[in-house]
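Here the structure comes first, spelled out in structure tokens, and everything after it is commentary.
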Amino acid sequence: MSTTALLTTLQFAGVNALFALAIYASLRTGVLSLAPVFFGAVSAFTFGYTAGTVGLSVPLALVVGVGLGAAMGAVTAVLIIRLDSHYLAMATIAMVLIGRVLIINLVEYTGGPTGTLVPGDLGTWAWLIGSLVVACYVMSRLAGSRYGLAADAVREDPAVAQTLAISPRRIQFVGFVISGALGGAAGIFQASFLQYIGPDTFYTHLGFVTLAAVVLGGAFHWAGPVVGAIAFTLLPELLREPMGEYDRVVTGVLLVIIIIYMPRGLVDVRRLRLLRSRGRRRAVDDDATPTPTDRDTTPAQVTT
Amino acid sequence: MQLLAQQLVNGIALGSIYALFAVGFALILAKMGILNVAHGTFATWGALASYYLVTERGLSFWVALALGVLLAGALGVAADQLAFEPLRRRGAGVFAPIIASIGIWIVLLTLAEAHAGPTAVSYPAESVPAEPFRFLGLIMLPAQVISVLALVVVVTGVHLLLTRTRFGSAIRAVAVDPRSATIVGVNARRTLIAVAFLAAAIAGLAGILGALSDNNVSATIGEGLLLKGFAAVVVGGYGDIRGAALVGVVIGVLEVMSSQYISSGFRDAITFGVLLVVLVARPQGVFGERQLVRA
Amino acid sequence: MTVLGERDDVTGPSGPAAVDITHLTKAFGGLTAVDDVTISVPERRIHGILGPNGAGKTTVLNMISGFITADSGTIEVFGHDVARMPPFKIARRGVARTYQNIRLFPGMTVLETVVAGAYLQRRSTILSALLLSPAERRERREVREQAAELLDRVGVRADHGTLAETLSYGDQRRVEIARALATNPRVLLLDEPTAGMNDAESEAVGRLLVELQASGLTLILIEHNMRLVEQFCESVTVMSSGAVLAQGAPTWCLEQDDVKEAYFGKRSDAARIATLRRARRGPSGS
């Protein structure tokens, strides 16, 4: 792979990382949602229209797009958060499908089936890295916060979380809003890099591959989606030469293998902690100090 | 009036294919608790295989149809045993099987695209029945008649199988709790394999009939079916396959009617709009869960 | 079913009711798990719920904490009917609990688990977390200190940085109690808090209960260790097949024939007494 190609791929990896963080934002509250793809589409086309056609300044159009994403996240959450997990996932997939139909039919704003051109001002390394840093900062700050611990509790055991006075729906609502803002941003950067977007830019494929990236990287730490997105974008490109058109087969097989054998992904904080805990216990045992009766009862409920 | 009746016929025929697909999709969802997004690719592979057998091996369409259905069923079993069985054994949560099915979907779709190529093809005209039936001034193509008949046969058959046979009670027992089912003498694994085969084979049938009706065999047949079948299952509920089947037919009629009388562009929007409204207003599906499984 | 015996010559405090349950009923399918149960627990009392397996004890606890909704009857916590409330609202009214099958959050450390329990106590917002304001920092430090104190108080000696799920059975139960206490409850529901503990550990839990009572808590526990019940519970409810068999002082309740029969079946007196003795001694360290 040439250097230029590699750099282009890395840029898309960055954009995908933003999408992956958006999916992670709701997944960490126990909600499997592909809605960020829809949020991304709406924000991207809005960006294209406001920055391109209306002539709004690009940073302002970005802010509008991100805000719009957050607002859509809130509305979506109000409508569908009470659904059971399967139906909720289905509903968000349906949103993606409807999004495509809307794009095709709102020709005046979206260019319809032929798509539309988008200003490329945000398609630079500075903007991309800057936005990624901001996104990672937000996610890492939230991780250990009151909200972050509540989100972990809701994801691992919503019933128990409730007895700690945590309202799962409120936590999931916040998750959706963050997911919407990140999805909106990701859509805008995607559009700005491509400089052209059409009805197929934000479709199921993007959602599924991004979800795969989150799973590969790990949905239990904010670094997981970033690592996963980079791996999942680079891998097919690296495989393209030896594998030809079958590169994606590897992606799919890998996804199945990971979910079976590494359900918590590459960035697995729990495993690290487990190793550390064992290490400590061993150190204690070596000192021949009496240890509490250890029956090593590990309720290994790995909920993915 | 004549046009309306004709479009109704067309809609029912199109809807029958959606309904067929929905039946298999609902089976997997209700009996195994798996939202299998790879289900569409089983349909695609059924169609691709039958096309290959007709054009390259010179088999008759009917033999090719049977073999295509078998192949789809076999793919379903393979997917179940390679991907879902390990997850079941580990007691993984709800999301893991969905993610595994996305992996299968990527693999089978990529292989299908590589195998079929980008151009759309159709079954050779001389190999498939083509003489239209005329009845009360309505025209029915053989593909349409076959689709409707296939739906009636499959829905009746599967419904009787689930409600009236020993195998049906075994499936119900396994769906509720595989471990207890094993205790009362049901071979859980074999039962699940049978369900996986049945569901995927029905998808294969839907794929082949869809290709026949559209006069178009391509790698993306299954994608369209997945979306419609999925809508049918959500609206119809997956507890009773008859509900999903009925809604599948209704979606077909809605599509044909809306493209005739409203706008062809918004055809899909209407389907999915209905889907979303139902999800928000009645999460348990229009017919509720007259359910065998408490999810 | 009739309440066979009720006596209120119990030793503990008897002020206004903290938890007042009347005519509580719950059926699962055809099985009536809880049948017209009425229990009143005054503030700052240690109340035990006893009975053989399948008596409906955990179902009662599940209804108080809102895990499942009663078919009929009322549950009042400090005068407020909570029978139809979602669990998180009941928790806000000051009810916390632990679980028979320990339910810790996978992947969380001991300290995080307890800090997660302090959700209601904290004032931190998304914005303050993002800006890492001085108030946020102070709060984070305070909840961690408070959690460490609670862990000390319940007797968890393990490193606070270890995964909670890797601790010994007894420590896991203690972490659950600390997590529940972190919500700053007024009523604490404990489902078999000493299961899997040895005599010394059980004894320590008993002393903890008394300590918590002294600090103002009302405690309701399901317990099989009769010695512990007699030593620490001021009143008990004995249940069998969903109904209340007897209520009152523990020693009195355990002497009722119907209670003995429910526990041990109709057998010769000698065998019955032997079993009772064994039960009073408690399951040792199993």
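A cut-off of 5 Å between modelled amide H atoms, ignoring neighbours fewer than 5 places along the same chain, links residue B:217 with B:121, B:122, B:123.
When each of the peptides B:252-262, C:186-196 is scored by how many other beta carbons lie within 10 Å of its residues on average, the order from highest to lowest is C:186-196, B:252-262. Between segment C:15-36 and segment B:102-145, the C-alpha centres lie 61 angstrom from each other. Other residues lying with their Cβ under 12 Å from the Cβ of residue B:17 contribute a combined charge of -1, Lys and Arg counting +1, Asp and Glu -1. Which of A:128, A:71, A:175 sits farthest toward the positive end of the charge dipole of the protein assembly as shown, with +1 on the Cβ of Lys and Arg and -1 on the Cβ of Asp and Glu? Of the options given, the answer is A:175.
Which of the helices in chain A meet the span-like rule: DSSP H, Cα axial reach of 24 Å or more, Kyte-Doolittle mean at least -0.5? Walk me through the intermediate numbers first.
Details: long enough: A:3-27 (35 Å, 1.42); A:58-80 (32 Å, 2.26); A:85-105 (30 Å, 1.55); A:125-143 (26 Å, 1.51); A:168-194 (38 Å, 0.99); A:223-243 (29 Å, 0.97); A:269-286 (26 Å, -1.26).
TM-like helix candidates: A:3-27, A:58-80, A:85-105, A:125-143, A:168-194, A:223-243.
Beyond 17 Å, what share of the Cα-Cα pairs of segment B:108-164 is found? Please give it as a whole percent.
Of all Cα-Cα pairs in segment B:108-164, 65 percent lie more than 17 Å apart.
Count the DSSP beta bridges whose two residues both fall in the protein assembly as shown, then state the antiparallel fraction as a percent rounded to the nearest 5. Write out the running numbers ahead of the final one.
On the way: 27 of 45 bridges.
The answer is about 60 percent antiparallel.
Packing here is the average count of other Cβ atoms within 10 Å per residue, and on that basis the peptides A:262-272, C:106-116, C:47-57, C:121-131, highest first, run C:106-116, C:47-57, A:262-272, C:121-131.
Dipole check for the protein assembly as shown: with +1 at the C-beta of Lys and Arg, -1 at the C-beta of Asp and Glu, and the Cα centre as origin, the magnitude is about 740 Debye.
Over all directions, average the projected area of the Cα convex hull of segment C:178-239 and note it in nm². Intermediate results must be reported in sequence, preceding the final value.
Numbers: hull surface 17.3 nm².
Computing the convex hull of the Cα atoms and averaging its projections yields 4.3 nm².
Per the Debye formula on identical point scatterers at the alpha carbon atoms of segment B:156-244, with no solvent, log10 I(q)/I(0) at q = 0.11, 0.12, 0.15, 0.20 Å⁻¹ is -0.41, -0.48, -0.70, -1.02. In this rough spin-label picture, where each label sits 7 Å from Cα along the Cβ direction, the residue A:109-residue B:216 distance is 2.8 nm. With the alpha-carbon atoms of chain C aligned to their principal axes, the span from lowest to highest coordinate is 70, 39, 37 Å, starting with the largest.
At an R0 of 56 angstrom, the distance between the Cβ atoms of residue A:3 and residue C:149 translates into a FRET efficiency of 0.45. Gyration tensor over the Cα atoms of the protein assembly as shown: the corresponding equivalent ellipsoid has semi-axes (square roots of 5 times the eigenvalues, largest first) of 54, 35, 25 Å. Taking amide H atoms as placed 1.01 Å from N in the peptide plane, the amide H of residue C:237 lies under 5 Å from those of C:48, C:49, C:50, each 5 or more residues away in sequence or on another chain.
At a threshold of 8 angstrom on Cα-Cα distance, excluding pairs fewer than six apart, so keeping six or more, what relative contact order does chain C reach in percent? Each step should come with its number before you reach the end.
Values: 553 pairs, mean separation 78.1, N = 286.
Contact order relative to length: 27 percent.
Take each residue in C:133-145, count the other chain C-beta atoms within 10 Å of its C-beta, and the mean is 1. Under 5 Å between amide hydrogens, built in the peptide plane, is the criterion, and for residue C:243 it picks out C:35 among residues at least 5 positions away or on other chains. Dimensions of segment A:153-213 based on its C-alpha atoms, expressed as ranges along the principal axes with the largest first, amount to 49, 20, 16 Å.
Model label points for residue B:169 and residue B:122, set 7 angstrom from Cα along the Cα-to-Cβ axis, are 5.0 nm apart. Using the Cβ of residue C:106 as centre and a radius below 9 Å, the other residues enclosed give a net charge of -2, where K and R count +1 and D and E count -1. Spin-label pair residue B:8-residue B:193: with each label point 7 Å from Cα along the Cα-Cβ axis, the two points sit 4.7 nm from one another. With contacts taken as Cα pairs under 8 Å at a separation of at least 6 residues, chain B carries a relative contact order of 37 percent.
Taken residue by residue and averaged, Cβ atoms of other chains lying within 10 Å of the Cβ of C:170-177 number 1. Packing here is the average count of other Cβ atoms within 10 Å per residue, and on that basis the peptides B:128-134, A:157-163, highest first, run A:157-163, B:128-134.
With the cut-off at 1.5 for a/c, could you classify segment A:215-260 from its C-alpha gyration tensor as rounded, prolate or oblate?
Values: a/c = 4.68, a/b = 1.72, b/c = 2.73.
Oblate, since a/c reaches 1.5 and b/c is not below a/b.
Once you reduce segment C:166-225 and segment A:16-75 to the center of their Cα atoms, the two points are 47 Å from each other.
Taking 0.36 nm per residue of sequence separation and removing the Cα-Cα distance, the residue A:85/residue A:196 pair yields an extension gain of 36.5 nm. On a C-alpha basis, how far is the centre of segment B:42-64 from the centre of segment A:79-100 in Å? Whole number, if you could? If we compute the Cα centre of each part, the gap is 35 Å. Viscosity 0.692 mPa s, temperature 37 °C: give me the Stokes-Einstein translational D for segment B:7-130 in µm²/s, with Rh taken as the Kirkwood radius over C-alpha pairs. Stokes-Einstein gives a translational diffusion coefficient of 205 µm²/s. Taking every alpha-carbon pair in segment A:3-202 and binning the separations at 10 Å intervals from zero gives 10, 36, 33, 17, 5, 0 percent.
Percent relative contact order of segment A:3-202, based on C-alpha pairs within less than 8 angstrom and at least six residues apart? Show your work: numbers first, answer last.
Working: 320 pairs, mean separation 89.0, N = 200.
Averaging sequence separation for qualifying contacts and normalising by length gives 44 percent for segment A:3-202.
The lysines whose alpha-carbon is closer than 16 Å to the alpha-carbon of residue C:26, local same-chain residues fewer than 8 away aside, are C:57. Take each residue in B:227-233, count the other chain C-beta atoms within 10 Å of its C-beta, and the mean is 2. Rounded to the nearest whole angstrom, the semi-axes of the ellipsoid equivalent to chain B, taken from the Cα gyration tensor as √(5λ), stand at 30, 23, 18, largest first.
Coordinate-derived values only; no laboratory data. Note that this is a predicted model, so its numbers are computed, not measured. Note that each Cβ is placed from the backbone with ideal geometry, even for glycine, and that neighbours are counted across all protein chains shown.
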